[in-house]
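Peer 1: Handing you a structure now.
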Amino acid sequence: MSRNEGLTASGWSGMWAASVCLLLTSYVFANPSCNPGKPDMLNVHLVCHTHDDVGWLKTVDQYYYGSKNGIQMAGVQYVLDSVVQELIKDPLKKFIYVESAFFFRWWDNQPEEIQMAVKDLVSGGQLEFINGGWCMNDEAAAHYNAIIDQMTLGLVKLNNTFGEAARPTVAWQIDPFGHSREQASLFAQMGFEGLFFGRLDHDDKSTRWANKTMEMVWKGSENLGRSAWLFTGVLPNGYSPPRGFCFDILCRDEPIMDDPRLHDYNVDEKVESFLKVAKDQAKAYVTNNIVMTMGMDFHYLNAHAWYKNLDKLIRYVNEQQANGSKVNVFYSTPSCYLKTLHDANITWPTKTDDFFPYASGNHSYWTGYFTSRPTLKGYVRQTNNFLQAVKQVASLMGLGQDPRLEKLKEAMGVLQHHDAVSGTAKQHVTDDYSERLAQGVTESFAMIKETYRKLQQTTLMEATADPVFCPLMNISSCPPSEKSSGFIVTLYNPLARPREYHVRVPVPGGVGYKVTDYQGHVVQAQLVPIPESVLATPGRNSSAKYDLVFIANDIPPLGFLQFHIKRTANSRIHKEQMSRVHVPNGGGVITIMKGNLAVGVDQKTGLLKSLGVVTPDGIKMVKVNQTFLWYAGMSGNNSNEDNRASGAYIFRPHGTFAQDIAEKANITIVEGPVVAEIHQVWTPWVSQVIRVYKGQTLLEMEWLIGPIPVEDGVGKEIVNRVVWPDIITGNNFYTDANGREILQRIKNFRPTWKLHNVEPVASNYYPVNSRLILHSGPNFHAAILNDRSQGGTSLDHGHMELMVHRRLLHDDAFGVGEALNETAFGDGLVVRGKHYLIHSDFVTSDCDFGCLHRSLGEQLLLQPVTAFTPTSITAHTWKNAFNNKWTGLRTSLPPNVHLLTLEPWTDGTLLLRLEHMYEAHESANHSDPVTVSLQGLLADWKIVDAKETTLSGNLLKKDENRYSWNVESSQYMNHVSRNQQKNGNKENDLSITLNPMEIRTFILTVTKTSS
Ligand SMILES: [Zn+2]
């Protein structure tokens, strides 16, 4: 999406005083055709570009073909057709292209002669790929796992098609609405030399403009040192051309009319205006090179219009050099521009925090999209879980690059776009996004299905139906478990270590269920009534009234474990499995215990009061309150900042206080051998189940919100607020960046510029991809973890606030043109999701607080994939005839190593990423460097060679040779030296060391060890 910020500055500064030193460089440089500029002039790099959203107002396919041009005039196929012809005609012209999702749609349909011509354009540096991911991903709501995947998908495809000449060296995030430090770190680890973007807070921008700090070195990690440094530049004008110089057929600026015999001759005026723009812009930048973005959304549909006018502009501006002008303008690319900055060999300012939140005006905080479309955000996170499992299974089974898996990867790539997972696309486009995920999941589930069948090694397969995946488990609906009297549950564990999991199987109830494990033992199970509010979910078509809950112990790493479940008429079993259900009616706090956790609930209000642990000395409780509240979304006609409405992008509450949904919640307590639950109902549209499972040290809160009523004409934004009344947190709280490193947030404060705050709630919202943490001195810590990206904050001592749902009645006028009013089945959309609460009293001698939230975070990210197989065979036959437990790993990974990726690569190779999942000072036991041997890691495959690559898998690590930058010494951070980290990992040495937060990527050559 786009919006021209139109920041202009006036006056001409004496930038020539800055001493500039041009040096020859020994670095290999990707673009061979850069115009070097003139050392004694202001060199203006014109970057011809098109910004092609991978879905926004139209679907990705509509944008590609140029259909539905009544919605928006845009057709990417014509852009590429047109640009390529212009580039072929003139070797001086250049163009950059960003989104691989579009490029490869086009490429695959080109005749060979065009493909050959394009290869020449790429190798000659005329057509330069920039960013190169499948899309230009969102930075607030995208998880690092998905970011790495989508970047890898695009970059490797470019590499396979064009070779090293096409490897993008500049990341180009011109439109995302705020920028994450983790994104910078990931780009650096992918081998990018620099990053340019367009959007940052308006006050931050004017400060940087005035201080000449528009360009900097961003220190992307507190753990990784220089390997996470990324040169970062703020573009002068968003990503628009300067005012008056938009020459696209979609623009209304005057062309350059250069025949002096004609009435409208305007060359002198245009040249003068351009020189002024260039000199004004140069004031904000420190070298004698500046960049201008000549393009906008879906520009270059008719490339000739742009190039014809730019040719004239270049000619007439440069002709003025004969009259003493010191401005030199030419076609360039971001990598050519970046090279001049590097060659200037000057010292750059640094940045250690991030660019969240982004405000484009005093009342326009782009913090609503952190939560917008929560069901889509949840679906994207779940699908990431599923994708990782399918990639692993395909690798372990030697399935290679199956087209079904490719389809799922591409769907997930599209969904990371900055109008997709962000929740800022139109409704019909969002529906298309969801359909892509659903198709990808359905088709690739077939690969898992085939694998299960293959691994069963039984002749009794005809007695079992096909395994089924139940995508509606979030509303406790699953046809095979509801309808079959007998079925097998198969759990695939995508973690590289054994895990325990609480399985919930929707069943009609009324009878007992015999659950048998792979050794033939009967497993304890509990029938838990499904809350009324879930049963009443609009569109739910299920006979399940209960969840059958049992614990699956020791699910093997990268492996599966099965259970046999059979309805039984045995009334004793049924009675034992039925939960005790009661409605408390006394006063005071009732304490519910399960395992060594205890939960206190106020019987009068039905609200959470305390959460603690059972110790040998008794129960140790910590006070904590939790409830749901709502902000009234501001309505407005957006005629000016004061009238800005809350919408898909913007969060703008009416007033500064959230209101109670209801003073009290009605509660029902459900207890049994496996789980204790407190069912709370505030209103028919806000309810929650609080759970404590046997053997788990966390509080699970599964909330159900919606349909949000709007009959009163007021849009509503619902938050979950947890308050620890006795702890002192000052203005500090902590949020993760894209699910990885944790950043400190300080209420009403920005580390590098002065905040003029007239939106005290919205301005303190930050993206929470996985967790929000509070520290109260050295002794008490608490974290809330989520199951999808949300906006979150801490507005007072001990407060944790996460926004869970939004239903709004006004557009916020940033382009999408629709109010964020999601409906389904004729009413407001219902969202069901989970939060998890932990605090530092839960620690054990093995697992400190850092370990608690990191290991929980990993378990939530990659949960077991569950399949259901109806069967008529008995548990006894099943146990003896089936292979019911299997693992693809020979050894588990250490507790601080996360297996981030295992996926089929080229024939006979796999891509492996291992990650140290702790920060340097996060855990006493787990933050140390750790060494892992790849030798013997996989059960059925011998790893004969491991070649290390950059994070995106498109460049061998040994060939990486990134620019180094001189920076001002930092007062904020003491960086770990990276140098020693590279030692000790020789070629073909299969023993690898990981330092805190380090991800290492390998292409493994493998051979089958057994038949
Ligand atoms: Zn965009």
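The values are calculated or read from the model by the stated rules, or taken from the named source; none is laboratory data. Everything numeric here is computed off the predicted structure, so don't read it as measured data. All Cβ positions, glycine included, derive from the backbone under ideal geometry; neighbour counts span all protein chains shown.
Peer 1: Go through segment 787-801 and count every residue that is within 17 Å of the chain's Cα centre (by Cα) and either part of a strand (DSSP E or B) or modelled with pLDDT under 95 (or both).
Peer 2: So in segment 787-801, the residues within 17 Å of the chain's Cα centre (by Cα) come out as 787-792.
Restricting the remaining residues to those that are either part of a strand (DSSP E or B) or modelled with pLDDT under 95 (or both) gives 790-792.
Residues meeting the conditions: 3.
Peer 1: Okay, moving on. Counting only residues that are in a loop (DSSP other than H, G, I, E, B) and in contact with a Cys (Cβ under 8 Å, 6 or more places away or on another chain), which one in segment 88-134 is farthest from M296 (Cα to Cα)?
Peer 2: Start the filter on segment 88-134 by keeping residues that are in a loop (DSSP other than H, G, I, E, B), which leaves 90-94, 98-99, 108-111, 124-126, 130-134.
Retained after the next criterion (residues that are in contact with a Cys (Cβ under 8 Å, 6 or more places away or on another chain)): 93-94, 99, 125.
Working: K93: 18, K94: 16, E99: 14, G125: 22 Å.
Among them, the one singled out is G125.
Peer 1: Taking into account only those residues within segment 417-444 that are among the polar types (S, T, N, Q), part of a helix (DSSP H, G or I) and under 17 Å from D138 (Cβ atoms), which is nearest to the ligand (Cβ to nearest atom)? Show your work before the answer.
Peer 2: Here is the first cut: in segment 417-444, the ones among the polar types (S, T, N, Q) are 422, 424, 427, 430, 434, 439, 442, 444.
Right, trim to part of a helix (DSSP H, G or I) and you get 427, 430, 434, 439, 442, 444.
If we keep only those that are under 17 Å from D138 (Cβ atoms) too, we end up with 430, 434.
Values: T430: 15, S434: 20 Å.
So the residue we want is T430.
Peer 1: Sticking with this structure for a sec: Being away from the ligand (no atom under 16 Å from the Cβ), among the hydroxyl-bearing types (S, T, Y) and either without any contact (Cβ under 8 Å) to a residue 60 or more places away in the chain or surrounded by fewer than 15 Cβ atoms within 10 Å (Cβ to Cβ) (or both) narrows it down to one residue among Y316, Y265, Y307, Y285; which is it?
Peer 2: On the way: Y316 fails: either without any contact (Cβ under 8 Å) to a residue 60 or more places away in the chain or surrounded by fewer than 15 Cβ atoms within 10 Å (Cβ to Cβ) (or both); Y307 fails: either without any contact (Cβ under 8 Å) to a residue 60 or more places away in the chain or surrounded by fewer than 15 Cβ atoms within 10 Å (Cβ to Cβ) (or both); Y285 fails: either without any contact (Cβ under 8 Å) to a residue 60 or more places away in the chain or surrounded by fewer than 15 Cβ atoms within 10 Å (Cβ to Cβ) (or both).
Step by step, each of Y316, Y265, Y307, Y285 is checked, and only Y265 is away from the ligand (no atom under 16 Å from the Cβ), among the hydroxyl-bearing types (S, T, Y) and either without any contact (Cβ under 8 Å) to a residue 60 or more places away in the chain or surrounded by fewer than 15 Cβ atoms within 10 Å (Cβ to Cβ) (or both).
Peer 1: Can you tell me which residue is farthest from F842 (Cα to Cα) among those in segment 746-770 that are crowded, with 24+ Cβ neighbours inside 10 Å and not hydroxyl-bearing (S, T, Y)?
Peer 2: Checked segment 746-770; the qualifying residue farthest from F842 (Cα to Cα) is A762.
Peer 1: Sort out which residues of segment 102-123 are closer than 16 Å to Q62 by Cα and touching a strand residue (DSSP E or B) at 6+ places or on another chain (Cβ under 8 Å), and write them in order of number.
Peer 2: Correct list: F103 only.
Peer 1: Give just the number: which of (1) part of a helix (DSSP H, G or I); (2) buried (at least 18 other Cβ atoms within 10 Å of the Cβ) does Q321 not satisfy?
Peer 2: So Q321 meets the others, but not (2).
Peer 1: OK, next. Kindly indicate whether any position in segment 157-176 is hydrophobic (A, V, I, L, M, F, W, C), within 14 Å of the ligand (Cβ to nearest atom) and closer than 29 Å to A359 by Cβ.
Peer 2: Taking segment 157-176 first, the residues hydrophobic (A, V, I, L, M, F, W, C) are 158, 162, 165-166, 170-172, 174.
Keeping just the survivors that are within 14 Å of the ligand (Cβ to nearest atom) gives 172, 174.
Checking the rest, the ones that are also closer than 29 Å to A359 by Cβ come to 172, 174.
Within segment 157-176, one or more residues are hydrophobic (A, V, I, L, M, F, W, C), within 14 Å of the ligand (Cβ to nearest atom) and closer than 29 Å to A359 by Cβ.
Peer 1: Here is a follow-up. Please go through segment 655-672 and give me each residue that is touching a residue at least 60 places away in the same chain (Cβ under 8 Å) and of a type in the set (V, I, T), ordered by number. Write out each step before concluding.
Peer 2: We begin by selecting, within segment 655-672, every residue touching a residue at least 60 places away in the same chain (Cβ under 8 Å); these are 656, 658, 664-672.
If the condition is that a residue be touching a residue at least 60 places away in the same chain (Cβ under 8 Å) and of a type in the set (V, I, T), then T656, I667, T668, I669, V670 are the ones that fit.
Peer 1: Working carefully through the options V44, V79, V54, V60, find the one that is more than 16 Å from the ligand (Cβ to nearest atom), closer than 28 Å to A165 by Cα and crowded, with 17+ Cβ neighbours inside 10 Å.
Peer 2: Numbers: V79 fails: more than 16 Å from the ligand (Cβ to nearest atom); V54 fails: more than 16 Å from the ligand (Cβ to nearest atom); V60 fails: more than 16 Å from the ligand (Cβ to nearest atom).
Residue meeting the stated conditions: V44.
Peer 1: Is it the case that L893 is buried (at least 22 other Cβ atoms within 10 Å of the Cβ), within 27 Å of Q519 (Cβ to Cβ) and among the aliphatic types (A, V, I, L, M)?
Peer 2: Values: buried (at least 22 other Cβ atoms within 10 Å of the Cβ): no; within 27 Å of Q519 (Cβ to Cβ): yes; among the aliphatic types (A, V, I, L, M): yes.
In short, no.
Peer 1: Please verify whether H179 is away from the ligand (no atom under 16 Å from the Cβ), touching a residue at least 60 places away in the same chain (Cβ under 8 Å) and within 22 Å of G238 (Cβ to Cβ), treating the condition exactly as stated.
Peer 2: Values: away from the ligand (no atom under 16 Å from the Cβ): no; touching a residue at least 60 places away in the same chain (Cβ under 8 Å): yes; within 22 Å of G238 (Cβ to Cβ): yes.
When the stated conditions are applied, H179 does not pass them.
Peer 1: While we're looking at this one, here's another question. Only one of these is modelled with pLDDT of 95 or more, surrounded by fewer than 23 Cβ atoms within 10 Å (Cβ to Cβ), under 23 Å from the mean Cα position of the chain (by Cα) and more than 23 Å from S646 (Cβ to Cβ): L743, L774. Name it. Don't jump to the end; show me each part of the working.
Peer 2: Working: L774 fails: surrounded by fewer than 23 Cβ atoms within 10 Å (Cβ to Cβ).
One residue alone meets the criteria, L743.
Peer 1: Also: Give segment 573-601 a look and list any residue that's under 10 Å from V692 (Cβ atoms) and among the small types (G, A, S), or say none.
Peer 2: Hits for segment 573-601 are G595, A598.
Peer 1: In this structure, does F197 turn out to be within 16 Å of the ligand (Cβ to nearest atom) and either closer than 23 Å to R745 by Cβ or at pLDDT below 95 (or both)? Spell out the reasoning first.
Peer 2: Values: within 16 Å of the ligand (Cβ to nearest atom): yes; either closer than 23 Å to R745 by Cβ or at pLDDT below 95 (or both): yes.
When the stated conditions are applied, F197 passes them.
Peer 1: Also, I was wondering about something else. Do any strands (runs of 3 or more DSSP E) lying entirely in segment 674-746 carry at least 1 residues that are in contact (Cβ under 8 Å) with a residue 60 or more places away in the chain and touching a helix residue (DSSP H, G or I) at 6+ places or on another chain (Cβ under 7 Å), and which ones are they? Write out each step before concluding.
Peer 2: Details: elements: 675-683, 686-693, 699-705, 716-723, 732-736, 742-746.
Hits in segment 674-746: 675-683, 686-693, 699-705, 742-746.
Peer 1: Which of the residues that make up segment 612-642 are under 31 Å from the mean Cα position of the chain (by Cα) and in a strand (DSSP E or B)?
Peer 2: Residues of segment 612-642 that are under 31 Å from the mean Cα position of the chain (by Cα), as a first pass: 624-636, 638, 641.
Of everything in segment 612-642, those that are under 31 Å from the mean Cα position of the chain (by Cα) and in a strand (DSSP E or B) turn out to be V624, N625, Q626, T627, F628, L629, W630, Y631, A632, G633.
Peer 1: Looking at segment 166-180 only, could you name the residues that are over 29 Å from V768 (Cβ atoms) and outside any loop (DSSP other than H, G, I, E, B)?
Peer 2: First, the residues of segment 166-180 that are over 29 Å from V768 (Cβ atoms): 166-170.
Residues satisfying the conditions are A166, V170.
Peer 1: So, one more: From V489, V414, which residue is within 16 Å of the ligand (Cβ to nearest atom) and in contact (Cβ under 8 Å) with a residue 40 or more places away in the chain? Before the answer, list the steps.
Peer 2: Working: V489 fails: within 16 Å of the ligand (Cβ to nearest atom).
From the options V489, V414, the qualifying one is V414.
Peer 1: Among strands (runs of 3 or more DSSP E) lying entirely in segment 853-953, which contain 3 or more residues that are aliphatic (A, V, I, L, M)? Before you say what the answer is, go through the steps one by one.
Peer 2: On the way: elements: 865-870, 885-887, 897-904, 909-916, 930-933, 941-949.
Correct list: 897-904, 909-916, 941-949.
Peer 1: Same structure, new question: Given the structure, is R243 under 21 Å from H342 (Cβ atoms) and surrounded by fewer than 20 Cβ atoms within 10 Å (Cβ to Cβ)?
Peer 2: Values: under 21 Å from H342 (Cβ atoms): no; surrounded by fewer than 20 Cβ atoms within 10 Å (Cβ to Cβ): yes.
No; evaluated as a whole, the condition is false for this residue.
Peer 1: Within the group K514, K454, which residue is out of contact with any Leu (no Cβ under 9 Å at 6 or more places or on another chain), at negative phi and outside any strand (DSSP E or B)?
Peer 2: Numbers: K514 fails: outside any strand (DSSP E or B).
It is K454.
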